[in-house]
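This report concerns only the one structure given below.
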Amino acid sequence: MALIELVRGDITALPADAIVNAANHTLLGGGGVDGAIHRAGGPTILAECRRLRSTTLPDGLPTGAAVATTAGLLPARWVIHTAGPIWAKTLDQADLLASCYVESLRVADELGARRVTCPAVSAGVYGWPMEDAARIAIETVAASSTAVDVVTFVLFNAHAIDAFRSALSRLG
Ligand code: AR6
């Protein structure tokens with residue numbers, strides 16, 4: 001089981017082996033953390049995403065799935081792109097959000113990443129309420145049998161930190 005850490009800040013500034021990106025099914029960039037990662041990482045990340053789209057992922061990245069690229073200029077070896085679900089009050093959407101973390105950690109294990117940073121997937125543009133997004137993220141990572149040593153959630157504001165802190169404290 002990985003140690004879970006919470007840090008407030010910009011995920012593009014924190015060194016890691018792999019940085020999880022809250023991307024979308026096109027894999028071709030966007031706003032929020034996705035935009036920040038592509039801006040800070042430079043064009044090699046998008047070039048690899050385009051290559052994936054023209055080879056293994058012609059229909060895009062399915063919601064709940066994850067795939068790795070180079071991290072370009074970021075202080076990491078890889079970016080693991082995952083496509084979160086748009087918020088909906090249904091169990092299957094919640095399962096898809098959990099799947100983002102399961103699949104990201106599975107890819108991290110395949111790569112041999114030991115320190116992984118994650119944003120609050122789906123809790124921005126995709127509208128997932130922060131408390132629920134935090135609960136799903138924390139419970140899923142805590143239940144994982146990953147070989148990753150440390151999963152650091154890098155959170156943008158005080159509300160996100162509070163939500164993740166209470167989810168972590170409820171684990172017991
Ligand atoms: N570091 C850490 N967290 C951040 C950063 C950053 N640099 N920037 C934003 N956040 P979002 P989503 C937080 O919208 O909801 C994109 O356009 C943000 O405050 O980035 O999964 C993609 O291309 C929020 O708490 O991702 C997709 O189309 C969290 O990261 C869509 O948005 C996630 O917000 C995905 O939406």
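The values are calculated or read from the model by the stated rules, or taken from the named source; none is laboratory data. Here the structure is a predicted model, which means the values were calculated and not measured. Here the Cβ positions follow ideal geometry from the backbone for every residue, glycine too, while neighbour counts run over all protein chains shown. Only protein heavy atoms, including side chains, enter the accessible area calculation; ligands, DNA and RNA are left aside. Shrake-Rupley method; radii C 1.70, N 1.55, O 1.52, S 1.80 Å.
Values computed for the structure shown
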read-out	value
Residues that are farther than 20 Å from Ala16 by Cβ, open to solvent by 20 Å² or more (accessible area, probe 1.4 Å), within 12 Å of the ligand (Cβ to nearest atom) and of a type in the set (A, V, I, L, M, F, W, C), drawn from the stretch 123-147	Val125, Met130
Top-ranked residue in the stretch 18-33 [being crowded, with 22+ Cβ neighbours inside 10 Å and near the ligand (Cβ under 8 Å from one of its atoms); ranked as farthest from Asp59 (Cα to Cα)]	Val33
Selection status of Ala94, within 15 Å of Cys118 (Cα to Cα), among the aliphatic types (A, V, I, L, M) and either more than 9 Å from the ligand (Cβ to nearest atom) or in contact with a Pro (Cβ under 9 Å, 6 or more places away or on another chain) (or both)	no
Single residue of the stretch 1-17 satisfying the filter (of a type in the set (Asp, Glu) and either open to solvent by less than 50 Å² (accessible area, probe 1.4 Å) or outside any strand (DSSP E or B) (or both)) that is farthest from Val121 (Cα to Cα)	Asp17
Checking Ala120 against (1) open to solvent by less than 80 Å² (accessible area, probe 1.4 Å); (2) farther than 16 Å from Gly9 by Cβ; (3) within 14 Å of the ligand (Cβ to nearest atom), the condition it does not meet	(2)
Meets criteria (assigned to a loop (DSSP other than H, G, I, E, B), within 25 Å of Pro75 (Cα to Cα) and among the small types (Gly, Ala, Ser)) for Ser122	yes
Single residue of the stretch 49-72 satisfying the filter (of a type in the set (Val, Ile, Thr) and surrounded by 13 or more Cβ atoms within 10 Å (Cβ to Cβ)) that is farthest from Asn24 (Cα to Cα)	Thr70
Failed criterion for Leu46 (all others in (1) surrounded by fewer than 14 Cβ atoms within 10 Å (Cβ to Cβ); (2) within 13 Å of the ligand (Cβ to nearest atom) hold)	(1)
Hits in the stretch 149-167 - residues which are within 10 Å of the ligand (Cβ to nearest atom) and touching a Ser or Thr at 6+ places or on another chain (Cβ under 9 Å)	Phe153, Val154
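Condition check ((1) touching a helix residue (DSSP H, G or I) at 6+ places or on another chain (Cβ under 6 Å); (2) assigned to a strand (DSSP E or B); (3) farther than 30 Å from Leu168 by Cβ) across all residues:
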position	(1), (2), (3)
Val20	yes, yes, no
His25	no, no, no
Asp34	no, no, no
Arg50	no, no, yes
Asp59	no, no, yes
Thr63	yes, no, no
